[in-house]
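Colleague: Attaching a single structure in structure tokens format; questions to follow.
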Amino acid sequence: MQKSYTKEFKLKAVHEVVKENKKVKDVAVELNITIGNLYKWITIFKQDGVFYGKGHSKNKEKETIRQLEVENQILKKALFLSDKTEDIFEFIYEHKGIFPVQTMCRLFNVSSSGYYKFARSTESLEELKYKQVVKLVKTVYLKHGPNIGSPKITDIINRNESITSQATVARILKEHKEQWHASDSRFHKDEDVVLHFHNKNTYFDMNAGKYYHQDFAKQEINSLLDSTYFSGFKKYIRDDIESADSYSVKDNLIIQGENLVALHKLKQCFKRKIKLIYIDPPYNTERYDLSYYDNYSRSDYLLFLKNRLEVAKDLLKINGSIFIHCSNKEQAYLKVLCDEVFSEENIVNQIVWRKTYGQQNTSQMATTKDFILIYAKNKKHLQLNRTNLSSSQLKSYKYTDQHGRFRIDKIQNKRNGYYEYQVNTPNGEYINERWDYPKDTFENLLENNLIYWSNSNIPYKKVYLSEGSTKVVNDLWVSEEYGSTQEATVELQALVGKNRFTYPKPEKLINKIIELSTSEGDIVLDFFGGSGTTAVVSSNLNRQFITVELSKNNFELIIERLQKSLNDTQSFISCQINREKRPPQN
Ligand SMILES: C[S@@+](CC[C@H](N)C(=O)[O-])C[C@H]1O[C@@H](n2cnc3c(N)ncnc32)[C@H](O)[C@@H]1O
């Protein structure tokens, strides 16, 4: 039942906020009223001053109302913001041009000095933003020709939301104009190789079964996104399937549909929440015998990925990373594209993975490797995990004494040893030799029982296997611990039967990537799902997962595979992307 309140009560409530400068939320709790009611009264108060009290300056109260409105706007924007300080700082950083920093710090209860420290370490984000504006100005300028000026360019860029100022655009034009002219005119010469992306959006229409590579205006993209939605939610707990209304930020998700749309939709709930993105997109092999389409022109292929990577980047946490699997065919082009999207300073490395232990003898030289490009959202904040020693490395720790297991390192170096001195052996003989350590270091090792004498009385240095020994991962993944394509096929066949998917990735490989870049509870996203290897391995390692897959067959395969792999306590939600209208036709 709706409660009725006296004028005095409303006045008191509004003044609690206005006079004391308290938060609406706190006053509502104190007086046991709804936040909605309180806002309503404040609005009435603002409009006609019905609750205007004695002894207060109207202007001051208006100011307070304005302040409350700002707070309200901030809270609305921060709907999906988590409690983590790092996420809050990032939110403040992103909105510092729109809302006052101090107000945001007060509202989210974080220290402003802590925020400024964070902001200083994130300054390169500013540079990235500037680079993006340069890119936009360049696109508009080249499209409209040399006569377009900074007011018009600013207008075009800011058509939907304010991104930049006219002064910035004018400065960018002054700095770059000549250079753009030169590069643009070069595109017309056939002999020049230029990586040039048209301002197009590659989009797969599931109903028509074809790709659109066309210029979409921002409004068209917005209307396309507005008219699409996730539907058909089902919750899977082992063999049980329940219908569900929606999903939450805590759910494992399998989505069927076009990943460009899915990524945009996921942004509403998962912006800056994903720790790892692993993708294994089609390699552009130009083959037709695969479980998916894989025959693009190079420029369409790069454009296809560029559009998706740009959205994917927004989903990454500030300390997150993306691993992009590719083959020889597109690696070099993709690397340049990723440098542009994620910025050159954020490349972490390029892994070479030995994918097969057999080889075909049909070409001039057999290909046995793939590449995995790794980029950080912001390299300053990335912290990859160290790894345990491999089984072959562990095998070398074959000696034991009262202090535990150890391996031995040579110290005698007959040819190149820098130090030359005499060493007395335990059996009373002596060796006059060259060594890798100075004499006092050797004596120190001896004194501390860190020298091992071989049967032939040669001294070695003991290196103990300390508890939990770890090392930094390197970029050459060529041993069996990283799996192979043959192994992956057998793995999948054993679970779901033959001929269900061509060339899945091995669980061992994905296991290494996830362990390297995430911790338990982190969210892992794969938007080229395939047979669902990333989802299965994520759940095995207690990570939350989101997988997007276009094909219905593969989507059903992922569900089947997950149902057979998950334990009784794990669950996931599946849904599809639906669209009310078609995208604009060619
Ligand atoms: C190389 S496979 C991924 C294999 C996967 N890593 C595995 O281990 O099974 C690429 C997958 O991306 C899917 N795909 C291609 N274009 C897509 C799009 N636009 N949206 C969503 N999925 C897409 C294909 O259907 C295919 O299943």
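No lab work stands behind these numbers, since they all come straight from the coordinates. All of these numbers come straight from a predicted model, not from anything done at the bench. Reconstructed Cβ throughout: ideal geometry from the backbone, glycine too, with neighbour counts over all protein chains shown.
Colleague: Arrange the peptides 335-341, 362-368 so that the one whose residues have, on average, the most other Cβ atoms within 10 Å appears first.
Modeller: Highest-to-lowest ranking by the protection proxy: 335-341, 362-368.
Colleague: Also: Residue farthest toward the positive end of the dipole of the chain, with Cβ of Lys/Arg at +1 and Asp/Glu at -1: which of Leu334, Leu225, Ser391?
Modeller: Leu225
Colleague: Separate question: Compute, for the chain, the length of the dipole vector about the Cα centre, with Cβ point charges of +1 (Lys, Arg) and -1 (Asp, Glu) only. Units Debye, rounded to 20. Walk me through the numbers before you get to the answer.
Modeller: Values: 86 positive and 74 negative charges, 336 e Å.
That gives the chain a dipole magnitude of about 1620 debye.
Colleague: Excluding same-chain residues fewer than 8 positions from Lys77, which aspartates and glutamates have a Cα within less than 14 Å of its Cα?
Modeller: Cross-link targets: Glu69, Asp87, Glu90, Glu94.
Colleague: Once the Cα atoms of helix 85-95 and of the chain are each reduced to a long axis, what angle between those two axes, in degrees from 0 to 90 to the nearest 10, is obtained?
Modeller: In the chain, helix 85-95 runs at an angle near 50 degrees to the longest axis.
Colleague: Quantify how much of the Cα-Cα distance distribution of the chain extends past 45 Å, in percent. Intermediate values should be presented prior to the final figure.
Modeller: Numbers: 61664 of 171405 pairs.
Result for the distance tail: 36 percent.
Colleague: Sequence gap at least 6, Cα distance under 8 Å: using those rules, report the relative contact order of the chain to the nearest whole percent.
Modeller: Answer for the chain is 16 percent.
Colleague: Excluding same-chain residues fewer than 8 positions from Lys462, which lysines have a Cα within less than 17 Å of its Cα?
Modeller: Qualifying lysines at Cα under 17 Å: Lys395, Lys398, Lys410, Lys439.
Colleague: Restricting to DSSP H runs of at least four residues, report the calculated mean residue ellipticity at 222 nm for the chain, -39500 (n - 2.57) per run over all residues, nearest 500 deg cm²/dmol.
Modeller: Numbers: 20 runs with 248 residues, N = 586.
For the chain, the value works out to -13500 deg cm²/dmol.
Colleague: Specify the longest stretch of the chain that does not include any exposed loop site, a site being one of the chymotrypsin sites (Phe, Trp or Tyr not before Pro) with a non-H, G, I, E, B DSSP assignment and at most 10 other Cβ atoms within 10 Å.
Modeller: Between the exposed loop sites, the longest stretch runs 1-287.
Colleague: If you don't mind, another one. Using alpha carbons only, how many angstrom separate the centre of segment 137-182 from the centre of segment 58-120?
Modeller: If you average the Cα positions of each part, the centres end up 31 Å apart.
Colleague: Using a simple spin-label model with points 7 Å from Cα along the Cα→Cβ vector, what separation in nm is obtained for Asn553 and Ser327?
Modeller: Distance between label points: 1.8 nm.
Colleague: Taking the 0 to 90 degree range and rounding to the nearest ten, how far is the long axis of helix 259-270 tilted relative to the main principal axis of the chain, both from C-alpha atoms?
Modeller: For helix 259-270, the angle is close to 70 degrees.
Colleague: Would you mind checking the pairs Lys129/Lys552; Lys471/Lys505; Lys138/Lys377 and listing those with alpha carbons more than 29 angstrom apart?
Modeller: On the way: Lys129/Lys552 38 Å; Lys471/Lys505 25 Å; Lys138/Lys377 24 Å.
As for pairs spanning more than 29 Å Cα to Cα, those are Lys129/Lys552.
Colleague: List, in the order given, every pair from Lys131/Lys329; Lys275/Lys380; Lys335/Lys508; Lys25/Lys267 whose Cα-Cα distance in the structure shown is over 18 Å.
Modeller: Check vs 18 Å cut-off fails for Lys131/Lys329; Lys335/Lys508; Lys25/Lys267.
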